[in-house]
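Report on the structure given below.
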Amino acid sequence: MMLDSAARSELVCRHKSRIRKSQLALRDQYLSSPDPDPACLLYERSHLIDEALRELWTELRFSDTMALCAVGGYGRGELWPASDIDLLILLPDAPDPARAGQLEQLVGLFWDIGLEIGHSVRTVEECLKEAQADLTIQTALVEARMIVGDYPLFNRMLSEFKAQLDPQTFYHTKRVEQDERYRRYQGSPYSLEPNCKDSPGGLRDLQTILWIAQAAGYGNSWQDLKRHGFITYQEEQGLGRRERFLQKLRIQLHFHAGRHEDRLLFDYQTVIAERFGFKDKPTRRASEQLMQEYYRTAKTIMQLNTILLQNMGAAMFPLPEHEPGPINDRFQNTRQLLDVTCEKVFTEHPDAIFEAFLLMCRHSGLKGLTARTIRLLWRARRLIDDGFRANPLNRERFIEIFRQPRGVLHGLRGMNEFDILGRYLPKFGAIVGQMQHDLFHVYTVDQHIMQVLRNLRRFSDTDFTHEYPFCSQLISEFDKPWLLYVAALFHDIAKGRGGGHSELGALDAKEFCDEHGLAEEDAELIVWLVRHHLLMSNVAQKQDIADPGIAAAFARTVGDVRHLTALYLLTVADIRGTSPKVWNSWKGQLLEGLYNQTRRLLLSGGGQVPAQGIIKERQEEALRLMLYHGIQESDHERLWSQLDTVYFLRHSAEEIAWHTRALHYRIDTALPVVKARLNPHGDGIEVMAYIRDQRDLFARMVGFFSRTGYNILDARIHTTRHGYALDSFIMLDVTGRGSDRSMISYIEHELKERLIRQTPPEQPSQGRVSRQVKHFPIAPQVSIENDEKEAQFVLSVSASDRPGLLYIIASALAAHGAVLHTAKIVTLGERVEDTFLITGGDLGNIQSRIKLETELLGQLKPVQKTGI
């Protein structure tokens, strides 16, 4: 019936008030419970809306020839706190104008009483026709249920829908849909801010299993799948626990955000962790513990999704009889897939677990594992105990996998996916799913290790030689590359335990090598690499490798070319496996330069090369290069006579030649000289500025570069004997505009004008601080110490990256009258670790140095996060 205004107002007010009070009561009851039941809340919310819709339908006296149906998530009796209510109004035939008006009023009332609905109005024939062409409608109807109205009409629609539904086609389309969804999330559950519904390993993976099961007639619950033999009782219980965890997570997200929000954003991770009962520990935040639980849950769900879909597919698509090719007594080749010869292979012969992966490496004709082999391997993981670990045959086969020329990465990834690797190496199992909010790792520790292994394997793959030409050359000449893979497996295995993870990991690696009977020389290299895996990166990026003493000390630690090559290869693979943002060509140039410099030292006997010998060699090479540009032999003399030893040590011959070509005829110029060019060794721009020294010069240039959209990677600051500043910078564009070449003339002109006018330093524009830095800041660290020769001071700064950070440091140094000689700018994702060599000003006074440290700590303190 149609309602007048007063009746409508009264009805809306009554229903809206009751629904709101009931929903708040359910919310309060859930949040106050020490152990809330998520499935119960979802059912009770669904039941509440069912009752409200039935009452409204009855009060409006709708015809008994129509049916109101629940579909989608609401159809399966799961109504999330902020999800839409999916409804189907089923008609016997097309509505006349009067009925269309009634339906319009009904839908309007649904919204007026506070229900966010997604609705469709269809006849039975329209449902069937549209379901044939639309997978979304098919999926919604699979879970359709009756709320109120014409039950025979609903049953007819449901019966005809099931009759026309092709389970095999439905299976294929749902698999394609899942593959597309996985691609949107790069096929990984390990996003820093995962979507607990749609990310791989999320609730959608579980729903996909049950949708296919319903379509194929296998039931609509985990109990039904157990009854059909697809899962065991233990797997049924495990699926239930993991589903319950994700349900609780999504409910908390909806309640906390106050809207439909399925992403576990940084903004929510800490408060959600607290609601789950996680507490901060000395070595791990509560949010990191929550995320480890999430990643482990998602990893297991992905694996069970793979196993169940493959096994249901095998049941739905029975293949004709095929004679398998025997491999040995335990395994056979079935259609290019490794298959067990019987269901009891692993239970009767646990040592066959590693044998399976070893066979996959050795037989290039095998493209994968059969569905039942995957299922049995997954279940066999529980057979790995102390006895299994101590079995010499298992230890031998595990090491043999590393030695294989192909399939190593695939095998280790498979072992990690099946939880076999973490059970065989319990200390590896402890870091599975462990995320550290250190602002530069974007993978969990176990996935980072897999990325490092992937990079090392790619060095050996000719298909990737163009990506890593130098690494590919080195690893092809390395006698036992498999030792690097073992070192990679252990290099971060001690993360999160507290203390130095390199030293703890070296102890773990030593124990592993001893237990697995590795040769003393091989074991020594592995343990040494794990202990020193950060050394080369720190020396190249934070120390002045132009100083012969630094290079000589590094060479003494390395000892020989074999250790140097192994460390270089592991370092490159490690940095590139940390985050796509961390690696750049400048870091590659620094590492390769340190490698070549150290190799020359080692091959010449390991002694320190005299500085004068290095300078003479570079000057001769620079003169040779200048001849190509028509520079006469004597033209350089006036400029070079004004430059000190440090200048020639810190610049390459090519850079010396470039500077000399630009400056040899204007040594005493009154106007600044600014030259820019594309970085000849990689990405970005190289800029040189030559000007009579002036106050705040470094701060002025830093402000300009920042406002221009460039980050400084390296700065070398020199003052000539006659009082000119000769400063050079390597910079990367952070705007993404890709216009380095067109920016050269702009930088040369604009910076020169500012230096001529001696304008005050320009504060960089205030860009946005990343959300990761905002919610997981690191406490800044500042130290000022004497260098090894006690002639200069080393200022070290570690802090969260943010716009204008280098300008803050430059301004503080200028305020204290400090003279900057070099700046090493290391950006690790969202974190910076910068090193500055400084002298002068009031730094000779210890109280002044303490004051400078305190000022920088105050200015670099983390940005306070605001409430949600």
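The values are calculated or read from the model by the stated rules, or taken from the named source; none is laboratory data. What you see is a predicted model; the values in this text were computed from it and never measured. Here the Cβ positions follow ideal geometry from the backbone for every residue, glycine too, while neighbour counts run over all protein chains shown. Ligands, DNA and RNA are excluded from the accessible area calculation, which covers all protein heavy atoms including side chains. Shrake-Rupley method; radii C 1.70, N 1.55, O 1.52, S 1.80 Å.
Odds and ends about this structure:
- Per-residue SASA entry for ARG184, accessible area with 1.4 Å probe, Å² rounded to 10: 140 Å²
- Label-point separation in nm, THR347 to ARG183, each point 7 Å along Cα→Cβ: 4.1 nm
- Rounded, prolate or oblate (a/c below 1.5 giving rounded, otherwise prolate when a/b exceeds b/c) for segment 650-699 by Cα gyration tensor: oblate
- For TRP111, the accessible area of its heavy atoms, probed at 1.4 Å with every protein chain present, is near 120 square angstrom.
- Rounded to the nearest 20 debye, the dipole magnitude of segment 367-443 is 380 debye, with +1 charges on Lys and Arg beta carbons, -1 on Asp and Glu beta carbons, and the Cα centre as origin.
- For segment 28-127, the share of accessible area belonging to carbon and sulfur comes to 50 percent (1.4 Å probe, ligands and nucleic acids excluded).
- Charges were assigned to the Cβ only: +1 to each Lys and Arg, -1 to each Asp and Glu. The resulting dipole of the chain about its Cα centre is roughly 780 debye.
- For segment 312-410, size of Cβ-based charge dipole, Lys and Arg +1, Asp and Glu -1, in debye: 380 debye
- Segment 57-203 - share of DSSP beta bridges that are antiparallel (%, nearest 5): 55 percent
- Proximal charge balance of LEU529 [Cβ under 14 Å; K/R count +1, D/E count -1]: -4
- Segment 121-266: C-alpha gyration tensor shape, a/c 1.5 cut-off, then a/b vs b/c: prolate
- Charge context of THR444, other residues only, Cβ under 11 angstrom, K/R +1, D/E -1: 0
- Neighbours of ALA390, meaning other residues whose beta-carbon lies under 14 angstrom from its beta-carbon, give a summed charge of -3 when Lys and Arg score +1 and Asp and Glu score -1.
- Added length on full extension, which subtracts the Cα-Cα distance from 0.36 nm per residue, ALA7 to SER120: 38.1 nm
- Helical runs assigned H by DSSP (4 residues or longer) give the chain a calculated mean residue ellipticity at 222 nm of -17500 deg cm²/dmol, each run adding -39500 (n - 2.57) before division by the residue total.
- Difference of contour (0.36 nm per residue) and Cα-Cα distance, GLU633 to PHE276: 121.1 nm
- Crossing angle, helix 501-515 versus the chain [Cα axis fit, 0-90 degrees, rounded to tens]: 80 degrees
- Distance in nm between pseudo-label sites at ARG737 and ILE667 (7 Å out along the Cβ direction from Cα): 3.9 nm
- Global form of segment 436-549, assessed from the alpha-carbon gyration tensor, a/c cut-off 1.5: rounded
- Whole-percent carbon and sulfur share, accessible surface of segment 462-591, 1.4 Å: 53 percent
- Cα long-axis angle, helix 805-815 against the chain (0 to 90 degrees, to the nearest 10): 30 degrees
- Working from label points 7 Å from Cα in the Cα-to-Cβ sense, the ASP84 to SER221 distance is 2.9 nm.
- Charge dipole (the chain, unit charges on Cβ, about Cα centre) - positive-most of GLN247, ALA555, VAL445: GLN247
- Our estimate of slack between LYS367 and GLU785, defined as 0.36 nm per intervening residue step minus the Cα-Cα distance, is 144.7 nm.
- Rounded to 10°, Cα long-axis angle of helix 408-417 versus longest principal axis of the chain: 50 degrees
- Note on ALA390 and GLU503: with the Förster distance fixed at 35 Å, the Cβ-Cβ geometry gives a FRET efficiency of about 0.85.
- Here the Karplus curve 6.51 cos²θ - 1.76 cosθ + 1.60, taken at θ = phi - 60°, turns the phi angles of segment 560-565 into couplings of 8, 5, 4, 5, 4, 5 Hz, with x standing for Gly and Pro.
- Cross-link table LYS299/LYS427; LYS248/LYS427; LYS281/LYS510, entries beyond 21 Å C-alpha to C-alpha: LYS248/LYS427; LYS281/LYS510
- Which label in [x] 104, 78, 51; [y] 114, 59, 55; [z] 97, 74, 45 gives the computed Cα extents along the principal axes in Å: [x]
- Using θ = phi - 60° in the Karplus curve 6.51 cos²θ - 1.76 cosθ + 1.60, the 3J(HN,Hα) couplings for segment 683-697 round to 6, x, 10, 10, 10, 10, 10, 10, 7, 4, 4, 8, 5, 6, 4 Hz; x is entered for Gly and Pro.
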